[in-house]
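The values are calculated or read from the model by the stated rules, or taken from the named source; none is laboratory data. Remember, it's a predicted structure, so these values are computed and weren't measured experimentally. Neighbour counts run over all protein chains shown; Cβ positions are idealised from the backbone, glycine included. Just so you know, the surface numbers come from the protein's heavy atoms only, side chains and all, with ligands and any DNA or RNA stripped out. Shrake-Rupley method; radii C 1.70, N 1.55, O 1.52, S 1.80 Å.
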Amino acid sequence: MVFRSHMDKALDQARAAAGRGEVPVGAVIVDPFGAVVAAAGNRTRELHDPTAHAEILAIRDACAAAGSERLTGHDLYVTLEPCAMCAAAIAAARIARVYYGASDPKSGGVAHGARVFSHSQAHHVPEVYDGIGAVEAERLLRDFFAEKRG
(Lines give C-alpha, C1' and ligand atoms only; values in the text may rest on other atoms or scores of the structure.)
Protein backbone atom coordinates (compact mmCIF):
# COMPACT_ATOMS: atom_id res chain seq x y z
CA MET A 1 0.00 0.00 0.00
CA VAL A 2 1.30 3.46 -0.91
CA PHE A 3 1.39 6.05 1.88
CA ARG A 4 -1.27 8.73 1.55
CA SER A 5 -1.52 11.48 4.11
CA HIS A 6 -4.95 12.36 5.46
CA MET A 7 -3.69 15.47 7.25
CA ASP A 8 -5.72 17.66 4.88
CA LYS A 9 -8.90 16.21 6.40
CA ALA A 10 -7.57 16.77 9.92
CA LEU A 11 -6.78 20.38 8.99
CA ASP A 12 -10.37 20.77 7.73
CA GLN A 13 -11.58 19.58 11.15
CA ALA A 14 -9.23 22.08 12.84
CA ARG A 15 -10.61 24.93 10.73
CA ALA A 16 -14.16 23.90 11.63
CA ALA A 17 -13.20 23.84 15.32
CA ALA A 18 -11.81 27.37 15.04
CA GLY A 19 -15.06 28.44 13.40
CA ARG A 20 -16.89 27.19 16.51
CA GLY A 21 -14.54 29.17 18.78
CA GLU A 22 -12.61 26.05 19.80
CA VAL A 23 -8.83 25.70 19.77
CA PRO A 24 -8.18 24.62 16.16
CA VAL A 25 -7.16 21.00 16.50
CA GLY A 26 -8.51 18.32 14.19
CA ALA A 27 -8.11 14.55 14.05
CA VAL A 28 -8.89 11.81 11.56
CA ILE A 29 -8.71 8.03 12.03
CA VAL A 30 -8.06 5.79 9.05
CA ASP A 31 -8.68 2.04 9.00
CA PRO A 32 -6.10 -0.50 7.79
CA PHE A 33 -7.55 -0.26 4.25
CA GLY A 34 -7.07 3.51 4.06
CA ALA A 35 -10.70 4.55 4.62
CA VAL A 36 -11.48 7.43 6.97
CA VAL A 37 -13.65 6.00 9.76
CA ALA A 38 -13.80 9.01 12.10
CA ALA A 39 -13.07 12.72 12.01
CA ALA A 40 -13.41 15.31 14.75
CA GLY A 41 -12.31 18.71 15.93
CA ASN A 42 -11.98 20.03 19.46
CA ARG A 43 -15.34 20.50 21.23
CA THR A 44 -14.30 21.16 24.85
CA ARG A 45 -16.19 24.45 25.10
CA GLU A 46 -19.23 23.36 23.13
CA LEU A 47 -19.69 20.15 25.13
CA HIS A 48 -18.46 21.62 28.45
CA ASP A 49 -16.12 18.64 28.58
CA PRO A 50 -12.37 18.95 29.20
CA THR A 51 -11.86 15.51 27.60
CA ALA A 52 -13.52 16.49 24.30
CA HIS A 53 -10.22 16.85 22.46
CA ALA A 54 -10.25 16.02 18.74
CA GLU A 55 -8.32 12.78 19.27
CA ILE A 56 -10.61 11.52 22.03
CA LEU A 57 -13.76 12.27 20.02
CA ALA A 58 -12.33 10.58 16.93
CA ILE A 59 -11.23 7.53 18.95
CA ARG A 60 -14.72 7.24 20.47
CA ASP A 61 -16.38 7.39 17.03
CA ALA A 62 -13.90 4.97 15.44
CA CYS A 63 -14.31 2.46 18.29
CA ALA A 64 -18.09 2.69 18.00
CA ALA A 65 -17.86 2.09 14.24
CA ALA A 66 -15.50 -0.86 14.78
CA GLY A 67 -17.57 -2.30 17.62
CA SER A 68 -14.40 -2.61 19.67
CA GLU A 69 -12.28 -0.68 22.15
CA ARG A 70 -9.24 -1.54 20.02
CA LEU A 71 -8.24 0.13 16.78
CA THR A 72 -5.43 -2.23 15.83
CA GLY A 73 -3.95 -1.32 12.46
CA HIS A 74 -5.60 2.12 12.40
CA ASP A 75 -3.77 5.40 11.85
CA LEU A 76 -4.45 8.72 13.57
CA TYR A 77 -3.76 12.05 11.89
CA VAL A 78 -3.91 15.03 14.24
CA THR A 79 -2.90 18.61 13.66
CA LEU A 80 -1.20 19.11 17.05
CA GLU A 81 1.05 16.87 19.11
CA PRO A 82 -1.27 14.90 21.41
CA CYS A 83 -1.37 15.85 25.08
CA ALA A 84 -0.71 13.25 27.78
CA MET A 85 -4.43 12.40 28.09
CA CYS A 86 -4.79 11.83 24.36
CA ALA A 87 -1.53 9.89 24.12
CA ALA A 88 -2.76 7.54 26.87
CA ALA A 89 -6.04 7.04 24.96
CA ILE A 90 -4.08 6.36 21.75
CA ALA A 91 -2.07 3.69 23.56
CA ALA A 92 -5.19 2.17 25.14
CA ALA A 93 -6.89 1.99 21.73
CA ARG A 94 -3.79 0.31 20.26
CA ILE A 95 -3.59 2.74 17.34
CA ALA A 96 -0.78 1.65 15.03
CA ARG A 97 0.56 4.98 13.78
CA VAL A 98 0.23 8.62 14.83
CA TYR A 99 0.94 11.42 12.38
CA TYR A 100 0.89 14.90 13.87
CA GLY A 101 1.49 18.37 12.53
CA ALA A 102 2.56 21.05 14.99
CA SER A 103 4.74 20.26 17.99
CA ASP A 104 3.43 21.35 21.39
CA PRO A 105 6.35 22.16 23.74
CA LYS A 106 3.93 23.50 26.37
CA SER A 107 1.30 20.74 26.58
CA GLY A 108 2.49 17.92 24.34
CA GLY A 109 2.63 14.40 25.68
CA VAL A 110 4.54 12.60 22.92
CA ALA A 111 7.82 14.38 22.15
CA HIS A 112 7.47 16.90 24.99
CA GLY A 113 6.26 16.93 28.57
CA ALA A 114 5.06 13.55 29.80
CA ARG A 115 6.36 11.62 26.76
CA VAL A 116 3.71 8.97 27.42
CA PHE A 117 4.97 6.47 24.86
CA SER A 118 8.45 6.48 26.40
CA HIS A 119 7.25 5.18 29.77
CA SER A 120 7.54 1.53 30.69
CA GLN A 121 3.89 1.72 31.77
CA ALA A 122 2.75 2.37 28.20
CA HIS A 123 0.80 -0.73 27.19
CA HIS A 124 1.26 0.04 23.50
CA VAL A 125 3.63 2.30 21.61
CA PRO A 126 2.51 3.43 18.16
CA GLU A 127 4.83 4.52 15.40
CA VAL A 128 4.99 8.33 15.55
CA TYR A 129 5.64 10.73 12.67
CA ASP A 130 5.75 14.45 13.31
CA GLY A 131 5.76 17.56 11.16
CA ILE A 132 3.08 16.38 8.68
CA GLY A 133 1.25 19.57 7.66
CA ALA A 134 3.03 21.45 10.43
CA VAL A 135 3.21 24.82 8.66
CA GLU A 136 -0.56 25.03 8.15
CA ALA A 137 -1.34 23.60 11.61
CA GLU A 138 0.97 26.13 13.27
CA ARG A 139 -0.55 28.97 11.25
CA LEU A 140 -4.08 28.01 12.33
CA LEU A 141 -3.06 27.95 15.98
CA ARG A 142 -1.03 31.18 15.79
CA ASP A 143 -3.88 33.06 14.03
CA PHE A 144 -6.49 31.71 16.45
CA PHE A 145 -4.60 32.82 19.55
CA ALA A 146 -3.57 36.16 18.02
CA GLU A 147 -7.24 36.90 17.39
CA LYS A 148 -8.15 35.91 20.96
CA ARG A 149 -5.47 38.25 22.35
CA GLY A 150 -6.23 41.04 19.87
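Descriptive notes on the structure:
- The C-alpha atoms of the chain define a longest principal axis, and helix 84-93 lies at about 30 degrees to it.
- Accessible area per residue (1.4 Å probe, heavy atoms of protein chains only) ranks Ser118, Ser107 as Ser118, Ser107, with the largest value leading.
- With respect to the chain, whose longest principal axis is taken over its alpha-carbon atoms, helix 54-66 is tilted by about 40°.
- Accessible solvent surface per residue of region 26-149, calculated while the other protein chains remain in place, 1.4 angstrom probe, Å²: 49 Å²
- Neighbourhood charge, 15 Å Cβ-Cβ cut-off, centred on Arg149 and excluding it, Lys, Arg +1 and Asp, Glu -1: 0
- Ordering of 127-135, 16-24 by packing [mean C-beta count within 10 Å, highest first]: 16-24, 127-135
- Accessible surface for Thr51 stands near 50 Å², nearest 10, in the context of the full protein assembly shown (1.4 Å probe).
- Cleavage-rule hits (trypsin sites (Lys or Arg not before Pro)) in region 91-133: DSSP loop, at most 11 neighbouring Cβ within 10 angstrom: Lys106
- Prolate/oblate/rounded label for region 26-149 (Cα gyration tensor, a/c 1.5): prolate
- Here region 26-149 has 54 percent of its accessible surface on carbon and sulfur atoms, given a 1.4 Å probe and all protein chains in place.
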